[in-house]
Amino acid sequence: MVSAAVEQVASARLPTPHGEFDMQVWRVVGTGVEHVALTMGHDFDAAPVLVRVHSECLTGDVFGSRRCDCGPQLDLALARIAAEGRGAVVYLRDHEGRGIGLAHKLRAYGLQDAGHDTVEANHALGFPADLRTYDAAVQILRGLGITRVALLTNNPAKVSALRALGIEVAQRLPHIIAADDESERYLDTKRVKLGHLLPDD
């Protein structure tokens, strides 16, 4: 059962390095949290739509942090959708630090610098490894007329969550960013402890 009701409250044309997208703001009724959809193309009720459900990551998406793969994943998603000419990025703005918020995320970074991995750091702060939910994403996709997707993700839990909420994930498409010396341990932890489908080298 989807519980989060959303309403579209604004939209505008958004020219990007990858082409022109339509940007829409969707507000969760009751909480006021505002999420974003970036769409390109039409006919979303036909073949599976190329979709990325992306969790907000200020450090990676905006400041280019190399501690994670979030910024490059977002950029790659926009590039892949532009190449297809049809698709959507749903950008969830209450997902910082897998749902723990920005301040706690930075505290977790400090713990990681002291030797914890990303899961251990969340636990040390009193949080589960992942607090994210996808009700709002599903409501936004439905609002866009998208019910059948080719999902850009390495996270099988995200596939399961969307399916449980009524979205048909016709295909999971790997969305892999190469590790470097800063992100290697983070990506390895996602693979080993969170089940992400990532290469082990």
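Taken over the range 8-52, the criterion of being touching a Gly at 6+ places or on another chain (Cβ under 8 Å) and either loosely packed, with under 13 Cβ neighbours inside 10 Å or among the acidic types (Asp, Glu) (or both) is satisfied by ASP45 alone.
One residue stands out among those in the range 53-81 that are under 22 Å from GLU184 (Cβ atoms) and among the charged types (D, E, K, R): the one that is surrounded by the most Cβ atoms within 10 Å (Cβ to Cβ), which is ASP69. Where residues in the range 157-201 are touching a helix residue (DSSP H, G or I) at 6+ places or on another chain (Cβ under 7 Å), over 22 Å from ALA121 (Cα atoms) and not charged (D, E, K, R), which of them is modelled with the lowest pLDDT? Checking each candidate, the answer is ILE177. Restricting the range 22-37 to residues that are under 17 Å from VAL138 (Cβ atoms) and not β-branched (Val, Ile, Thr) leaves a set whose member that is modelled with the lowest pLDDT is GLY30. Can we say HIS196 is out of contact with any His (no Cβ under 7 Å at 6 or more places or on another chain), under 30 Å from GLN8 (Cβ atoms), in contact (Cβ under 8 Å) with a residue 12 or more places away in the chain and surrounded by 14 or more Cβ atoms within 10 Å (Cβ to Cβ)? Here the answer is no, as HIS196 does not meet what is asked.
Being basic (Lys, Arg), closer than 22 Å to VAL159 by Cβ and modelled with pLDDT of 95 or more narrows it down to one of ARG52, ARG13, so name that one.
On the way: ARG13 fails: closer than 22 Å to VAL159 by Cβ.
Of ARG52, ARG13, the one residue that is basic (Lys, Arg), closer than 22 Å to VAL159 by Cβ and modelled with pLDDT of 95 or more is ARG52.
If you go through the range 11-28 and keep only what is touching an Asp or Glu at 6+ places or on another chain (Cβ under 6 Å) and over 17 Å from LEU144 (Cβ atoms), you end up with nothing. Any residue at all in the range 123-134 that's in contact with a strand residue (DSSP E or B) (Cβ under 8 Å, 6 or more places away or on another chain) and either acidic (Asp, Glu) or modelled with pLDDT under 95 (or both)? Within the range 123-134, not a single residue is in contact with a strand residue (DSSP E or B) (Cβ under 8 Å, 6 or more places away or on another chain) and either acidic (Asp, Glu) or modelled with pLDDT under 95 (or both).
You will find that of ARG163, ARG148, the residue that is of a type in the set (D, E, K, R), farther than 20 Å from HIS42 by Cβ and either surrounded by fewer than 21 Cβ atoms within 10 Å (Cβ to Cβ) or in contact with a Ser or Thr (Cβ under 9 Å, 6 or more places away or on another chain) (or both) is ARG163 and no other.
Can you tell me which of ALA12, ALA46 is assigned to a loop (DSSP other than H, G, I, E, B), farther than 25 Å from GLY101 by Cα and not β-branched (Val, Ile, Thr)? Before you say what the answer is, go through the steps one by one.
On the way: ALA12 fails: assigned to a loop (DSSP other than H, G, I, E, B).
Result: ALA46 is the single residue among ALA12, ALA46 that is assigned to a loop (DSSP other than H, G, I, E, B), farther than 25 Å from GLY101 by Cα and not β-branched (Val, Ile, Thr).
In the range 67-92, the residues that are farther than 17 Å from VAL36 by Cα form Cβ pairs under 6 Å with partners that are among the β-branched types (Val, Ile, Thr), at six or more places apart or across chains, as follows: ASP69/ILE177; PRO72/ILE177.
The values are calculated or read from the model by the stated rules, or taken from the named source; none is laboratory data. Everything quoted here is computed from the prediction, not taken from an experiment. Note that each Cβ is placed from the backbone with ideal geometry, even for glycine, and that neighbours are counted across all protein chains shown.
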